[in-house]
Amino acid sequence: MTFNETLGIERSYYAATANPFEHAPGLTGQVEADLCVVGGGCSGLSAALHARERGFSVAVLEGGKIGWGASGRNGGQMIPGLRKSALELVGLYGEAKARELFTLSVEAMDLVVGLIQRHGISCDLALTGHIEAACKRRDVGHLEAEAECLINQMGYNHVEMLDAAQTRTAVASPLFHGALHDRNGGHYHPMNYTLGLAEAARKAGVQLFEDSLVTGVEEGALYSVKTAAGSVKARYVMLACDAFLGDLDGHLAGQMMPIGSYIAATEPLKNAAELIPGGQAVSDTKFVVDYFRLSADNRMLFGGREHYTPSAPRDIAAFVGPRMTTVFPQLKDARIDHAWGGMVSVTLSRLPDIGRRGNLFYAHGYSGQGAILSSLAGKLVAEAIAGTAERFDIMAKVAPPAFPGGSRLRQPLYVLGMLWYALRDRL
């Protein structure tokens, strides 16, 4: 059994409530296209759709099933911005460049909502906002400074601070001391969004191939993207594999670290409206983030806890459950109906790795913010292929550094770092 199989996507709430989707055939023989996309998640599908709308012929190669990677497993939290806070961006790049980066990243929210509406994607879209809850009293000051930076330096007026009492009203947990409420956030069903994006791409004329694991990419007058049963000849290639890049490109693999993230979904709850009355997506201020929200059918979807070994927990429900009941003691008797995991790619800088080498493009390393950033990255790649690279270059210029030791040493070094930050969270 592979590691991916132990993550239990077939046991996920998303798989159990997925919309009907006509799966694509595997690639056989040789196909020609202007663009070959490797990876059938939101990065690749968005690039494929936007490139096709610009007149390019496109083939997408997915090694497994569309929607069964990170794009269909994640927490479904629509959080505007980047994993780096606005304050951190200002500290790193100065106000003007920070504002440019932040403004572009916030576009991801409008893009995803627009795609959902334009293509009629049924994915439980809830534009209810996002709450970042302070786990420690001193975190409140950090959130207040972030809110001030967002409003005064980024020109982003969708945020407000909640005091401790307001936070307990918004999130019925005894743990939090205040919160930053972003009214522009929300949540959705990520697998159904991904399947809807795939269907929109297919209707636009994109060729989709599933069960077509890419074994190599050869560069020549045209790229040759090879699978066990066929190949695609293309002028442009996009690698959109994220945490499942594997050995396909050793240099890019060294730019990110794949880690496991785990989610549990309860039975439908009679007291759901009491837990998060406004229906927002919620995450906290710990380095190892807890994130949670209510589903359309009133389940608590709770993700969190750190795991440092390459293998998944034997019992994901038992792994996540205690943390959920620490945050919400009211759920101590709630049955967990679904529990699953997924691979998340993180970078040293926590900024996405979006770039190109000649006519080979790539986008990955969203560091937990990929639910909407991935669709934006795909659109930026399509723009660059079409010859308009200014917006693409904004992201490409902040590419993260490689992990020390590359892909060979990144795991032990990352584990040491995560253990340190997890200890800080507990203290």
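Read-outs throughout are calculated quantities, based only on the coordinates presented, and are distinct from any laboratory measurement. Keep in mind the model is a prediction, meaning the values are calculated, not measured. When we count neighbours, we look across all protein chains shown, and the Cβ atoms used for this are built from the backbone with ideal geometry, even at glycine.
The angle between the Cα long axis of helix 316-327 and the longest principal axis of the Cα atoms of the chain comes to about 40 degrees, rounded to the nearest 10.
With a ≥ b ≥ c taken as the square roots of the eigenvalues of the C-alpha gyration tensor of the range 1-77, please select rounded if a/c is under 1.5 and otherwise prolate if a/b is larger than b/c or oblate if it is not? Display every interim value, and only then the final one.
Working: a/c = 2.31, a/b = 1.67, b/c = 1.38.
In terms of gyration-tensor shape, prolate.
Here the chain is assigned +1 on the Cβ of each Lys and Arg and -1 on the Cβ of each Asp and Glu. Its dipole about the Cα centre then comes out at about 480 debye. Local charge for Lys233 was computed over the other residues whose Cβ lies under 13 Å away, with Lys and Arg +1 and Asp and Glu -1, and equals -2.
Order 7-20, 343-356 from most to least packed using the mean count of other Cβ atoms within 10 Å. Don't jump to the answer; show the numbers that get you there.
Values: 7-20: 17.4, 343-356: 21.9.
Result, highest mean first: 343-356, 7-20.
With the highest mean first, a sort of the peptides 163-169, 183-189, 287-293, 33-39 on other beta-carbon atoms found within 10 angstrom per residue produces 33-39, 183-189, 287-293, 163-169.
Inter-part distance, the range 82-125 to the range 368-406, computed on C-alpha centroids, equals 12 Å. Helix 95-118 and the longest principal axis of the C-alpha atoms of the chain enclose an angle of approximately 80°. When only the Cβ of Lys, Arg, Asp and Glu is charged (+1, +1, -1, -1), the dipole of the range 106-156 relative to its Cα centre reaches about 120 debye.
Helix-only mean residue ellipticity at 222 nm, the chain, DSSP H runs n ≥ 4 weighted -39,500 (n - 2.57), per residue, nearest 500. What is it? Please report the intermediate quantities before stating the final value.
Numbers: 14 runs with 154 residues, N = 427.
My calculation for the chain gives -11000 deg cm²/dmol from helical runs alone.
List the lysines whose Cα sits under 19 Å from the Cα of Lys332, skipping any in the same chain fewer than 8 residues away. Excluding near neighbours in sequence, the set is Lys270. Cross-linked pairs Lys203/Lys226; Lys136/Lys379; Lys97/Lys203; Lys97/Lys136; Lys65/Lys379: Cα-Cα separations exceed 32 Å for Lys136/Lys379; Lys97/Lys203. Between 0 and 90 degrees, the angle of helix 42-53 with respect to the longest Cα principal axis of the chain falls at about 50 degrees.
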